[in-house]
Amino acid sequence: MKKIILSMVLLLGMVVSVMAQDTYEWKKYKMQFTVPSGMELLKNDGDGVVMKGTDMSFGISGLKKAIDFDKLSDEELQELILEFCKETKIDPQNADSREIECNNGYGVFVLGERTDMEGWYSLFSFLESSVSKKMAVVIICFKEELSEEAGKILGGITFK
């Protein structure tokens, strides 16, 4: 039940505007995103963007090889999701996944409580631009009370 409520708050956060925010652009992938003010920019280069705040971290990176999710078998998709769950410390048995849309893009996200940090969640998303067909992976780690902000970041990503 807690997982369903958290997912609903995350989805709600995707449509609500952020008050204190900073907007960044990842030029290589022609992507723009908005994060809560005060997050420190650790990296913004051809490989991706990494930011860190007190109770949240954010990363976005291109997928070197585009993934055609429609051509993946159920087993291949499950293996890919399990690999990312392991990397982001999500218990796959308690994870929730949903399809999403962002500005000029679409994809899927997986959300779950972290196994290594009590009260923290990880979210990862595979996004594809409907303009350029480039693909990116987004990873956001956050304290439970910032789930709405995480949803705002993910839903506000813009492919140019």
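The values are calculated or read from the model by the stated rules, or taken from the named source; none is laboratory data. Computed from a predicted model, the values in this text were never measured in an experiment. When we count neighbours, we look across all protein chains shown, and the Cβ atoms used for this are built from the backbone with ideal geometry, even at glycine.
Say we look at the stretch 72-87 and pick out the residues that are of a type outside the set (Phe, Trp, Tyr) and in contact with a strand residue (DSSP E or B) (Cβ under 9 Å, 6 or more places away or on another chain); which of these is surrounded by the most Cβ atoms within 10 Å (Cβ to Cβ)? Result: Cys85.
When the residues of the stretch 19-33 are filtered to those that are within 19 Å of Asn104 (Cβ to Cβ) and surrounded by fewer than 18 Cβ atoms within 10 Å (Cβ to Cβ), the one that is modelled with the lowest pLDDT is Lys28.
Checked against (1) under 22 Å from Glu25 (Cβ atoms); (2) in contact (Cβ under 8 Å) with a residue 40 or more places away in the chain; (3) surrounded by 15 or more Cβ atoms within 10 Å (Cβ to Cβ), Asp96 passes all but a single condition, namely (1).
Looking only at the stretch 43-81, residues that are modelled with pLDDT of 85 or more, on the phi < 0 side of the Ramachandran plot and under 15 Å from the mean Cα position of the chain (by Cα) come to 12 in all.
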